[in-house]
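Input: a single structure, listed below in structure tokens.
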Amino acid sequence: MAETVFIGFGSNVGDRVDFCDRAMTLLSLLPHSRLKGVSLLYETEPVRDRTDPGEGWFLNGVVQLETDITPRSLLTTLQEIERSLGRDDDNRSGPRTIDLDILFYGEQVIKEPGLTIPHPRLHQRRFVLMPMNELDPLWIHPTLKQSAAQLLAEVEDQSQVHLLFPQPSTRYGSRPACSSQPGT
Ligand code: ADP
Ligand code: MG
């Protein structure tokens, strides 16, 4: 049975809109999967927590898929997409052409070497919660038992996140039209 999956993406070097757009295109082409929604693009100041992403502001967003791909294969696929878009594996914490993270995989809770779902830092990151709240504010975090809207209302992260303006045109039409529709 297909699961609803949310994937976070971010880019902070080069032509960021193009990297995000190409990542979305590749995600829309995955086998056994259907693209259900794409958030608007958000511009985010770089946060230095565990990493040093450089000076460039990020573009961030979230994609919603329905997929039969298993969590582990999906992670491998996302890493292939990151590599194909030029992500430097030798300096993973540095500036990134594209970063793809599995945020949620249905209601599944997974803690394996190299794969933690829900993504362990998503609830601390405003730049994830804003697009997540846009796509599905009522989505419940399976371990914290709070909705995306509640997590966003309570997040302590005060870093600046605002909608990119103007939004680029997209081959997916107006982005909100990609949101899941009842009964589809
Ligand atoms: P981050 O996205 O946290 O800034 P990286 O993209 O460099 O950091 O990811 C580091 C590692 O995180 C990857 O090698 C991957 O195995 C692991 N990882 C664990 N859980 C997840 C997840 N849910 N989605 C993506 N990567 C994950
Ligand atoms: Mg990542």
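The values are calculated or read from the model by the stated rules, or taken from the named source; none is laboratory data. The structure displayed is predicted, hence computed values, not measured ones. Every residue, glycine among them, receives a Cβ derived from its backbone with ideal geometry; neighbour counts consider all protein chains shown.
General observations
- Taking segment 117-131 as the range and being buried (at least 22 other Cβ atoms within 10 Å of the Cβ) and within 15 Å of ligand 2 (Cβ to nearest atom) as the test, the residues that pass are Ile117, Leu122, Arg125, Phe127, Val128.
- Ser169 meets the conditions (1) modelled with pLDDT of 90 or more; (2) among the hydroxyl-bearing types (Ser, Thr, Tyr); (3) over 19 Å from Lys36 (Cβ atoms) in every case but one. The failed one is (1).
- Residue satisfying condition, being modelled with pLDDT under 95 and touching a Ser or Thr at 6+ places or on another chain (Cβ under 6 Å), within set Val5, Val47: Val47
- Sole exception among (1) over 16 Å from the mean Cα position of the chain (by Cα); (2) more than 16 Å from ligand 2 (Cβ to nearest atom) for Pro113, by number: (2)
- Strands (runs of 3 or more DSSP E) within segment 72-163 that include 3 or more residues on the phi < 0 side of the Ramachandran plot and more than 12 Å from ligand 1 (Cβ to nearest atom): 161-163
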